[in-house]
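Computed from the coordinates by the stated procedures, all read-outs in this text should not be read as laboratory data. Worth saying up front: this structure is predicted, and the values here are computed from it rather than measured. Neighbour counts run over all protein chains shown; Cβ positions are idealised from the backbone, glycine included.
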Amino acid sequence: MNVQRQPLRRSKRNRIIAGVCGGLGEFFGINPFWFRLAMFIAFIPGGVPGVLIYLIAMIMIPNE
């Protein structure tokens, strides 16, 4: 079974800040809410882990 997916891109349609969570949601076929919730949880312990993860993803994932 060979399922073809769209390439991983930051979303232009489903974006709040830079479209990282929207793009991840579109890529994996799930609601971006779950990625946003995970990022929010990563922001809780002082913010640094969440900000770092988000910035790295924002730099590495190309725009749509």
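Other residues lying with their Cβ under 13 Å from the Cβ of residue 10 contribute a combined charge of +2, Lys and Arg counting +1, Asp and Glu -1. Only helices enter the 222 nm calculation for the chain: every DSSP H run of n ≥ 4 contributes -39,500 (n - 2.57), and dividing by all residues gives -16000 deg cm²/dmol, rounded to 500.
Among 64, 26, sorting on how many other beta-carbon atoms sit within 10 Å of each Cβ, with the fewest leading, yields 64, 26. The residue list 25, 37, 14 was ranked by how far each Cα lies along the charge dipole of the chain toward its positive end, using unit charges on Cβ atoms, and 14 comes out on top.
Calculated from the alpha-carbon coordinates, the chain shows an Rg and a Dmax of 12.2, 43 Å respectively.
Nearest 10 degrees, 0 to 90: what angle lies between the long axis of helix 48-60 and the longest principal axis of the chain (Cα atoms)? Helix 48-60 sits at roughly 30 degrees to that axis.
Taking amide H as placed 1.01 Å from N in the peptide plane, residue 10 has its amide H under 5 Å from the amide H of 63, 64, each at least 5 places away in sequence or on another chain.
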